[in-house]
Amino acid sequence: MADNLPSEFDVVVIGTGLPESIIAAACARSGQSVLHVDSKNYYGGNWASFSFSGLLSWIKENQQKTDVSDEWDDWRKLILENEEAISLNKKEKTIQHIEDFCFGDQDSAEGVEEAGALPKLPVFGAAGAEGFAQESEEARAAVESTVPESTEPKKATGTEPASAREGSDAEITSEDTSSHSAALGESAGELGQTEAAVPEASAQEPKKITYSQIVREGRRFNIDLVSKLLFSRGLLIDLLIKSNVSRYAEFKNVTQILAFREGKVEQVPCSRADVFNSRQLAMVEKRMLMKFLTFCLDYEQHPEEYQDYENSTFAEFLRTQKLTPSLQHFILHSIAMVSETDCSTLEGLQATKKFLQCLGRYGNTPFLFPLYGQGEIPQCFCRLCAVFGGIYCLRHPVQCLVVDKESGRCKAIVDHFGQRISAKYFIVEDSYLSESVCTNVHYRQISRAVLITDQSVLNTGSEQQVSILTVPPVDLGKPAVCVIELCSSTMTCMKGTYLVHLTCPSTKTAREDLEPVVQKLFNVNTEKDAENEELEKPRVLWAVYFNMRDSSGIDRNSYDRLPSNVYVCSGPDSALGNDCAVKQAETIFQEMFPTEEFCPPAPNPEDIIYDEDEIVPEESGFSNSPETKPEASTEEMSSGGSPAVEKADNEE
């Protein structure tokens with residue numbers, strides 16, 4: 001396998017997180033030769049999504065924290081006298097304090113097998129775009145031969161760069177217009193008439209969900225390690241549309257913004273229609289809110305309104321604006337989504353304006369969520385890189401970076417087979433750097449919890465709601481907790497359940513930070529204890545808590561002895577959006593290739609014009625040209641978003 005790898009590339013990327021994947025795609029798109037490796041057996045790193053069984057394996061692996069021994073101990077012999085080696089980490093250190101809890105009858109799940117599980121497919125050591133196409137066809141054939149079409153589950157994480165889905169997996173229907181899914185670029189009017197159909201597990205599904213059912217239907221879960229949303233006018237959406245990567249994925253609107261006030265969950269009116277249709281607000285409050293939100297849209301034009309409060313917090317500024325306490329709460333925690341104590345007036349106004357500018361582009365809220373989870377996004381960029389010739393190697397640890405003593409630049413890497421691979425530039429995800437390089441680096445932590453529940457935190461007329469809720473801190477100075485609740489039509493959980501993500505910057509362990517919020521919103525009694533109770537709150541069926549390292553915002557000079565042609569990418573940050581990752585990827589790419597365009601549009605397969613002698617008669621339906629295979633296969637695996645994307649490009 002190692003013998004098949006070329007010994008020289010323009011760019012070597014270590015780690016398959018979101019910023020690394022964007023950089024790899026941008027480099028391959030600009031004509032650079034790219035090698036993209038990851039020591040893990042799945043794509044995405046800490047941005048990944050897992051099936052339920054996959055997440056249980058991930059939990060077990062991180063709880064054990066076993067040392068990974070070198071597969072080849074003699075790699076140091078490859079380092080010459082005029083070179084030095086910077087060794088890389090062989091074990092995961094970014095996840096801590098993992099605790100998982102089952103609130104059902106765990107014994108009932110013994111011997112239960114996951115329905116429709118694919119046999120383990122080989123992950124080839126080196127696979128270009130053609131390899132991906134072949135691998136995805138094998139996966140699709142395996143699914144079709146073992147699972148009925150109407151109940152086809154999602155593929156196992158880590159077998160290919162993005163899920164190979166048939167058109168029936170994301171069927172478009174107009175049965176329910178309360179929540180929508182569509183390819184990026186559709187107008188709000190079109191979006192309101194589309195809906196991702198939820199695969200029916202059976203004709204009659206029992207109301208009470210058991211742990212054994214969760215295990216059996218584990219492949220219907222796609223559980224993100226990091227919980228984020230996409231602002232409809234954010235940097236990531238713009239990049240997806242510009243680069244044409246949007247055709248590899250589908251998205252669903254977040255349908256409701258919620259607030260937690262006086263012990264109750266309430267829906268927040270944020271658009272003009274919501275405000276005037278709201279029964280929570282009196283007519284006077286509606287006028288107050290609309291007047292303030294109108295001001296926020298062009299606050300820069302009225303500095304006299306806020307210049308006396310520039311040194312005050314946004315919360316203090318709101319108290320001077322003739323707003324009722326409930327309106328102040330909605331604006332602070334559910335629209336601006338900022339800290340009550342740490343956010344300045346200008347920062348609060350900027351956040352409110354961003355929220356309002358994102359309204360109405362794709363739906364009634366500013367946010368989109370990718371079907372099958374956040375982990376799809378890095379894989380989409382990996383697919384683009386593979387289409388343009390990038391080579392991918394999972395389960396491929398790198399022993400060290402080889403640095404030339406005289407120039408101080410990195411010359412090569414040595415992989416776990418002992419092969420030296422040279423390159424001009426090297427991208428390394430922060431977690432791969434050894435402690436000796438990170439001696440002066442100070443990391444923050446993110447507290448995360450993931451729950452599987454049996455009903456929504458706010459019951460409405462529709463079961464298919466995607467919600468975001470901000471729970472203010474009980475004690476001043478503590479961080480607010482962001483809660484994202486996903487329904488089954490997001491393809492992240494089985495029918496009859498909800499997947500709930502809780503996130504906040506860490507002050508203690510994740511369980512200490514987040515369990516009080518879980519107890520406020522949910523019933524955490526075990527299945528036996530809950531039988532005799534009338535459940536008003538959603539019941540938690542299963543939960544996991546963990547702390548994740550936040551390596552964002554670290555100055556390059558904090559790393560010790562880092563060669564000038566080695567660039568470090570951070571893991572996920574605690575922000576709701578993905579702007580940090582996109583900015584970082586573009587900055588690094590422009591430093592390496594200042595004259596190249598960052599992620600220009602990739603051509604659609606139907607736009608490619610081939611020579612006459614390469615054109616195959618229409619009746620055959622096949623092409624012998626190797627250049628056409630990757631693009632054709634990836635378009636086939638996308639859900640047909642190209643026309644919508646073209647329309648969006650024209651509109652933009």
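Would you mind stating whether C493 is open to solvent by less than 10 Å² (accessible area, probe 1.4 Å) and either free of Cβ contacts under 8 Å to residues at least 12 places away in the same chain or closer than 23 Å to E99 by Cα (or both)? Yes: the conditions hold for C493. For segment 369-378, indicate whether the set of residues that are under 28 Å from T492 (Cβ atoms) and charged (D, E, K, R) is non-empty. Within segment 369-378 (the criterion being under 28 Å from T492 (Cβ atoms) and charged (D, E, K, R)), the answer is yes, since at least one residue qualifies. Yes or no: T320 open to solvent by 30 Å² or more (accessible area, probe 1.4 Å), at pLDDT 90 or above and in contact with an Asp or Glu (Cβ under 6 Å, 6 or more places away or on another chain)? Taking the combined requirement at face value, the residue does not satisfy it. Here Q455, Q445 are screened, and the one residue that is closer than 26 Å to G54 by Cα, out of contact with any Leu (no Cβ under 9 Å at 6 or more places or on another chain), in contact (Cβ under 8 Å) with a residue 60 or more places away in the chain and surrounded by fewer than 22 Cβ atoms within 10 Å (Cβ to Cβ) is Q445. Under the condition of being surrounded by fewer than 21 Cβ atoms within 10 Å (Cβ to Cβ), farther than 30 Å from E114 by Cα and hydrophobic (A, V, I, L, M, F, W, C), which residue from segment 1-56 is modelled with the highest pLDDT? Top of the filtered list is L5.
Residue by residue, here is whether (1) in contact (Cβ under 8 Å) with a residue 24 or more places away in the chain; (2) buried (at least 17 other Cβ atoms within 10 Å of the Cβ); (3) of a type in the set (D, E) holds:
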position	(1), (2), (3)
Q301	no, no, no
Q307	no, no, no
T313	yes, yes, no
L327	yes, yes, no
I331	yes, yes, no
M337	yes, yes, no
D342	yes, no, yes
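Based on what the data block shows, is Q584 modelled with pLDDT of 95 or more, among the polar types (S, T, N, Q) and farther than 30 Å from W58 by Cβ? The answer is no for Q584. In the set (1) crowded, with 24+ Cβ neighbours inside 10 Å; (2) among the aliphatic types (A, V, I, L, M); (3) touching a helix residue (DSSP H, G or I) at 6+ places or on another chain (Cβ under 7 Å), L401 fails one condition alone, (3). Of the conditions (1) over 28 Å from the mean Cα position of the chain (by Cα); (2) surrounded by fewer than 23 Cβ atoms within 10 Å (Cβ to Cβ); (3) closer than 20 Å to K90 by Cα, L394 satisfies every one except a single condition; which number is it? Result: L394 passes all but (1).
Residues in segment 543-562 include none that are open to solvent by 40 Å² or more (accessible area, probe 1.4 Å) and either of a type in the set (F, W, Y) or within 25 Å of S334 (Cβ to Cβ) (or both).
Of the residues S51, S7, the single one that is hydroxyl-bearing (S, T, Y), under 28 Å from K411 (Cβ atoms), touching a residue at least 12 places away in the same chain (Cβ under 8 Å) and touching a strand residue (DSSP E or B) at 6+ places or on another chain (Cβ under 9 Å) is S7.
A count restricted to segment 458-477 and to residues that are surrounded by fewer than 18 Cβ atoms within 10 Å (Cβ to Cβ) and touching a helix residue (DSSP H, G or I) at 6+ places or on another chain (Cβ under 9 Å) stands at 1. Could you go through segment 270-283 and let me know if any residue there is within 27 Å of the chain's Cα centre (by Cα) and either among the hydroxyl-bearing types (S, T, Y) or closer than 30 Å to G375 by Cβ (or both). The answer is yes; a qualifying residue exists. Looking only at residues in segment 69-97 that are in a strand (DSSP E or B) and over 20 Å from E429 (Cβ atoms), the one that is modelled with the highest pLDDT is H97. Does E429 satisfy being of a type outside the set (S, T, N, Q), buried (at least 18 other Cβ atoms within 10 Å of the Cβ) and in contact with a strand residue (DSSP E or B) (Cβ under 6 Å, 6 or more places away or on another chain)? Considered against the rule, which asks whether it is of a type outside the set (S, T, N, Q), buried (at least 18 other Cβ atoms within 10 Å of the Cβ) and in contact with a strand residue (DSSP E or B) (Cβ under 6 Å, 6 or more places away or on another chain), E429 comes out as yes. Of the residues examined, E512 is one that is open to solvent by 30 Å² or more (accessible area, probe 1.4 Å), out of contact with any Cys (no Cβ under 7 Å at 6 or more places or on another chain) and more than 17 Å from F103 (Cβ to Cβ). Annotation note: Cβ proximity below 8 Å between a residue of segment 350-372 that is in contact (Cβ under 8 Å) with a residue 24 or more places away in the chain and surrounded by 24 or more Cβ atoms within 10 Å (Cβ to Cβ) and a residue that is among the aromatic types (F, W, Y) and assigned to a helix (DSSP H, G or I) (sequence gap 6+ or interchain) occurs for P366/F355.
If you go through segment 510-567 and keep only what is within 21 Å of S21 (Cα to Cα) and at pLDDT below 90, you end up with nothing.
Pairing residues of segment 535-562 that are in a helix (DSSP H, G or I) with residues that are surrounded by 14 or more Cβ atoms within 10 Å (Cβ to Cβ) and modelled with pLDDT of 95 or more, at Cβ distances under 9 Å and at least 6 apart in sequence or on separate chains, gives R556/Y567; R556/V568.
The values are calculated or read from the model by the stated rules, or taken from the named source; none is laboratory data. It should be emphasised that the depicted structure is a prediction, and the values quoted were computed from it without experimental measurement. Cβ atoms come from the backbone with ideal geometry, glycine included; neighbour counts cover every protein chain shown. The protein model used for the area step is the full one, side chains on, heavy atoms only, and it has no ligands, DNA or RNA in it. Shrake-Rupley method; radii C 1.70, N 1.55, O 1.52, S 1.80 Å.
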